[in-house]
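Here the structure comes first, spelled out in structure tokens, and everything after it is commentary.
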Amino acid sequence: QAKEAGRNSWRFFESRLHEATQARVEIETCLRGALERGEFRLVYQPVGDTASGRIFGAEALIRWDSPVLGAVAPDRFIEIAERTGLVVPIGDWVLETACRQAAQWQREFDPGFHIAINVSPRQFRADDFVSRVAQVLAQQGVAPHTLMIEVTEGLLLHDHDEVLKAFEALIAVGARLAMDDFGTGYASLRYLKHFPFHTVKIDREFVRDIGNDPDDRVLVDTAIRMGKSLGLSVIAEGVETADQLAILRGFDCDLIQGYYFSKPLSAEGLHAVLAKALVAPQHLINPA
Ligand code: C2E
Ligand code: MG
Ligand code: MG
Ligand code: MG
């Protein structure tokens, strides 16, 4: 009986594993050539100034509409793109597209509009990454300090010296660096100390329950204070409710991002919001 059950659960496990592998292989196959076929687009999620409610900038997030697989979320394909190296040309496209778009919004609405992009470890470690950033900024006419490069702890795990050199080169170019998903890794604090970040983004995992979990409230309050004492700007991610926003205001969090402020929007969608904001800057965010 037990043996039989064991065998069954093993088969179940095996078939699940097979399915997962199959899905990954499918994604990888479809990912090849997706860039050339124009299957990617960017959406832009506004980042809001917590105190004034104004739009500070936006984070560019990639979307993939595969004709075979349908919409595939970045959490499902970025890792595969990273492993295969496809993330390098895809990331380069993100950099250029986001900067071109930001340049347009800066000219039309606000020269201080900030644009954030996510850069994966393989892309960041490519030899020409920093010079490519400098080139794109110059070509598109984007002021370097308005470009925020978001990296996660995965980049910082090894080859500290090399990564640090690239950080310093990017800072020399004038771009800014943000630690994304702060708090989810186990050495976030050490990395904040070692690397010259400009901004920390507190992961939405910690923000989610600040309304009803006193421990999470303490963690987020402490992370904000610490970030600010280190001279960093702090963004809270995943703000979904008025209650969360009010708490974060109380904690003096500089910037917020999340569905409560705005979901990620198409370029046209954010364009329309920016046009409206020009006329009525306060209408964007719900008052506390
Ligand atoms: P991330 O950089 O931490 O981006 C934030 C994610 O949280 C986005 O998911 C966003 O849509 C989602 N989000 C924003 N506000 C809320 C909220 O209030 N509630 C909830 N539940 N979610 C919210 P998305 O777009 O699916 O991206 C997932 C991850 O994929 C990103 O996490 C980033 O790590 C990666 N990614 C996205 N675009 C790119 C890209 O162009 N290049 C690279 N290398 N990675 C990317
Ligand atoms: Mg990010
Ligand atoms: Mg994040
Ligand atoms: Mg993330």
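Each value in this text was obtained by applying a stated rule to the coordinates, not by laboratory testing. Just so it is clear, the model here is predicted, and its values are computed rather than measured. Positions of Cβ are generated from backbone atoms using ideal geometry, with glycine treated the same way; all protein chains shown enter the neighbour counts.
Observations
- Looking across region 198-215, the residues that are assigned to a helix (DSSP H, G or I) and crowded, with 16+ Cβ neighbours inside 10 Å come down to ARG204, PHE206, VAL207.
- Residue match in region 146-154 (condition: within 16 Å of ligand 4 (Cβ to nearest atom), buried (at least 19 other Cβ atoms within 10 Å of the Cβ), acidic (Asp, Glu) and touching a residue at least 40 places away in the same chain (Cβ under 8 Å)): yes
- Scanning region 165-217 for residues that are out of contact with any strand residue (DSSP E or B) (no Cβ under 6 Å at 6 or more places or on another chain), under 29 Å from ALA126 (Cα atoms), more than 14 Å from ligand 3 (Cβ to nearest atom) and of a type in the set (D, E, K, R) yields LYS165, GLU168, ARG190, LYS193.
- Only one entry in CYS99, CYS30 is without any contact (Cβ under 8 Å) to a residue 60 or more places away in the chain and over 25 Å from MET148 (Cβ atoms), namely CYS30.
- Residues of region 59-97 classified as within 16 Å of the chain's Cα centre (by Cα), more than 16 Å from ligand 4 (Cβ to nearest atom) and of a type in the set (Val, Ile, Thr), total: 2
- Which numbered condition ASP161 misses (of (1) surrounded by fewer than 19 Cβ atoms within 10 Å (Cβ to Cβ); (2) without any contact (Cβ under 8 Å) to a residue 24 or more places away in the chain; (3) within 16 Å of ligand 3 (Cβ to nearest atom)): (3)
- Scanning region 244-264 for residues that are touching a residue at least 12 places away in the same chain (Cβ under 8 Å) and surrounded by fewer than 18 Cβ atoms within 10 Å (Cβ to Cβ) turns up ALA246, ARG249, ASP252, TYR259, LYS263.
- Residue in region 128-144 that is within 16 Å of ligand 1 (Cβ to nearest atom), within 19 Å of LEU232 (Cβ to Cβ), among the aromatic types (Phe, Trp, Tyr) and touching a helix residue (DSSP H, G or I) at 6+ places or on another chain (Cβ under 9 Å) present: no
- Condition met for ASP221 (more than 16 Å from ligand 4 (Cβ to nearest atom), out of contact with any Phe, Trp or Tyr (no Cβ under 9 Å at 6 or more places or on another chain), without any contact (Cβ under 8 Å) to a residue 40 or more places away in the chain and not in a strand (DSSP E or B)): no
- Number of positions in region 89-107 that are within 10 Å of ligand 1 (Cβ to nearest atom), surrounded by 18 or more Cβ atoms within 10 Å (Cβ to Cβ) and not polar (S, T, N, Q): 5
- Restricted to region 98-197, the set of strands (runs of 3 or more DSSP E) holding at least 3 residues that are under 19 Å from the mean Cα position of the chain (by Cα) and farther than 21 Å from ILE55 by Cβ comprises 176-182.
- Residues in region 77-88 that are surrounded by fewer than 16 Cβ atoms within 10 Å (Cβ to Cβ) and either more than 16 Å from ligand 2 (Cβ to nearest atom) or of a type in the set (S, T, N, Q) (or both): ARG83, THR84, GLY85.
- Among the residues of this structure, ARG176 counts as one that is within 17 Å of ALA116 (Cα to Cα) and among the basic types (Lys, Arg).
- In region 1-84, counting only strands (runs of 3 or more DSSP E) that sit wholly within it, none holds 2 or more residues that are within 24 Å of THR97 (Cα to Cα) and polar (S, T, N, Q).
- Which numbered condition ALA73 misses (of (1) within 16 Å of ligand 2 (Cβ to nearest atom); (2) in contact (Cβ under 8 Å) with a residue 40 or more places away in the chain; (3) not charged (D, E, K, R)): (2)
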